[in-house]
Every structure is written in structure tokens, then in C-alpha cells.
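The values are calculated or read from the model by the stated rules, or taken from the named source; none is laboratory data. Only a predicted model underlies this, so the values are computations on that prediction, with no experimental measurement involved. Cβ: placed from backbone, ideal geometry, glycine included. Neighbour counts: every protein chain shown. SASA here: full protein model, heavy atoms, side chains in, ligands and nucleic acids out. Shrake-Rupley method; radii C 1.70, N 1.55, O 1.52, S 1.80 Å.
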Amino acid sequence: MTNFDDYLQERLQDPEFKAEYDALEPEFSLIRAMLDARREAGLTQKQLSERTGISQSDISKFETGNGNPSLKTLQRLAAGMGMKVKIEFQPINRV
């Protein structure tokens, strides 16, 4: 385990921190899915930009969590990678 992993595990013991961390999970999942899809398609940000007409800087912002793409933008990105967007609602796991 890295020092950051140790630190994160320690911080997650704080219920307030854990609640905030968990609240960001959907955003992290979207970012991870976008990155994985682009890499799976074998594209650089620049190449994806050229295919979609979305600026490379905007793609970078989305992938670093500093942008908030609309559903229409996500669909354009997915189409540029030969993919489609799938959104689903899931029940909350209550303990």
C-alpha cells in the first residue's frame, strides 16, 4: 500500500469525511469510465477532440474533474470513441 492509500484509509474512518468521499463516487466513476473508454479506443485527447469537435482542453478538464459535461457532450464523446452512453439508476444499499 502507498502512503496515500494508508492516509485515505485512515481518513475514511471519520464518518464526515467518508460521507463526503462517498458523495463524490458518481463523479469519480464517470471520470474513470471516460478515461477507460478513450484508452480502450486507443485515442489521445487530441484525436478525440478532432473526432468530436470538442476542444482538447475541455476533454482534459472533464478527465481531471474540473469540468461538468452535459449529457449531450457525453454522447458526442462516446460517439467519437465508437461507443454509446448508458445511464442507470440503482437502488441505494442500506445497511
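In the range 13-36, the residues that are over 28 Å from Leu77 (Cα atoms) form Cβ pairs under 9 Å with partners that are assigned to a helix (DSSP H, G or I), at six or more places apart or across chains, as follows: Phe17/Arg11; Lys18/Arg11.
Within the range 80-95, residues that are more than 16 Å from Ser70 (Cα to Cα) have Cβ atoms under 8 Å from residues that are acidic (Asp, Glu) and in a loop (DSSP other than H, G, I, E, B) in no pair, counting only partners at least 6 apart in sequence or on another chain. Name the single residue, out of those in the range 51-91 being hydrophobic (A, V, I, L, M, F, W, C) and not in a loop (DSSP other than H, G, I, E, B), that is most open to solvent (accessible area, probe 1.4 Å). Looking at the filtered set, the residue picked out is Leu71.
Restricted to the range 6-29, and to residues there that are outside any helix (DSSP H, G or I) and farther than 24 Å from Glu63 by Cβ, the residue that is least open to solvent (accessible area, probe 1.4 Å) is Leu12.
Scan the range 51-63 and report the pairs whose first residue is more than 16 Å from Met81 (Cβ to Cβ) and whose second residue is open to solvent by less than 60 Å² (accessible area, probe 1.4 Å) and modelled with pLDDT under 95, with Cβ atoms within less than 6 Å and a gap of 6+ or a chain change. Correct list of pairs: Lys61/Gly67. Being of a type in the set (Lys, Arg), surrounded by 15 or more Cβ atoms within 10 Å (Cβ to Cβ) and part of a helix (DSSP H, G or I) is not true of Arg32. If you go through the range 37-50 and keep only what is part of a helix (DSSP H, G or I), closer than 15 Å to Gly82 by Cα and either without any contact (Cβ under 8 Å) to a residue 24 or more places away in the chain or touching a Cys at 6+ places or on another chain (Cβ under 6 Å) (or both), you end up with Arg39, Gln45, Gln47, Ser49, Glu50. What about Asn3, is it under 13 Å from the mean Cα position of the chain (by Cα) and open to solvent by 90 Å² or more (accessible area, probe 1.4 Å)? No; evaluated as a whole, the condition is false for this residue.
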